[in-house]
1. On the given criteria, is Lys46 surrounded by fewer than 16 Cβ atoms within 10 Å (Cβ to Cβ) and touching a helix residue (DSSP H, G or I) at 6+ places or on another chain (Cβ under 7 Å)?
2. Restricting attention to region 95-148, and to residues there that are surrounded by 15 or more Cβ atoms within 10 Å (Cβ to Cβ), under 17 Å from the mean Cα position of the chain (by Cα) and among the hydroxyl-bearing types (Ser, Thr, Tyr), which single residue is modelled with the lowest pLDDT?
Amino acid sequence: MHLEVERKFEAKDLKWLREKLKKDWFALCCSQQIENDTYFTDKDRKFISSLICLRLRETNDNLEMTYKWKSINNIWLFAKMENNLKLEKSQKKDAIAFLKSLWYLVYCDVNKTRDVRTKTLENITYNVMFDNIYLCWDFIEFELIVDDYDPENN
């Protein structure tokens, strides 16, 4: 399990920030990918109000199921414990059918192009993600991920 702390912002022009990251310490790694996310909620739709996330994410040749617990949030950020399960891309229809058999409902599909800048120090990964959501607008997300998070000992 890992802990994810994130904050998202709607953005109008990210060109200046992309340039700054190239010039400064964050110019390490950049990848661009297309992400197709299918979000699920429980039959009472409590996931939505609690910001619980159950998602299938398809990228290139990968498929991943993610469950993020209820958010520990305040006005500035979201923090969530997260579990991920890697699947074969060919399993997407079966995964959706399985989740529906457990009474989870599809409530949203999000298709986006994502540029990722990342840096890892010790056991913390720092990500800056530039998202262009199809038929929507641009976002920037700042994220810290702590791997091997154990809530009992942290």
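The values are calculated or read from the model by the stated rules, or taken from the named source; none is laboratory data. All figures in this text were calculated on a predicted structure; none of them were measured in a lab. Every residue, glycine among them, receives a Cβ derived from its backbone with ideal geometry; neighbour counts consider all protein chains shown.
1. No; evaluated as a whole, the condition is false for this residue.
2. Looking at the filtered set, the residue picked out is Thr118.
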